[in-house]
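Undergrad: The structure is given below, and queries will be raised subsequently.
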Amino acid sequence: MFDFPGEDEEDLPFKFGEIINVVEFGKFFSVSRLLFNVIVAVSSLFSPTHTLSSTNVIVNDDWWRGILGKDIGIFPAAYVQL
């Protein structure tokens, strides 16, 4: 719906039309941490430049965590559409 340039190191910048793999969202999605850790572990094997800086940032209903290409980070949920 909108571009998100990102402002902080843990942000995941994207342009309208790109597809983000959402790996964690909302405070009640308890399986997300396990899924996120598995995806990070697997993707780290194939892309050593993969940054994990955003793994300590807590997501909520307004900010989700996702993967886009080799980048991982958080982004505003209001900027995307499922």
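Undergrad: Evaluate the range 27-44: report whether one residue or more is part of a strand (DSSP E or B) and modelled with pLDDT of 50 or more.
TA: no
Undergrad: Take the residues of the range 57-71 that are more than 13 Å from residue 19 (Cα to Cα) and of a type in the set (A, V, I, L, M): which is modelled with the lowest pLDDT?
TA: 57
The values are calculated or read from the model by the stated rules, or taken from the named source; none is laboratory data. Bear in mind that the values here come from a model prediction, so they are computed numbers and not experimental data.
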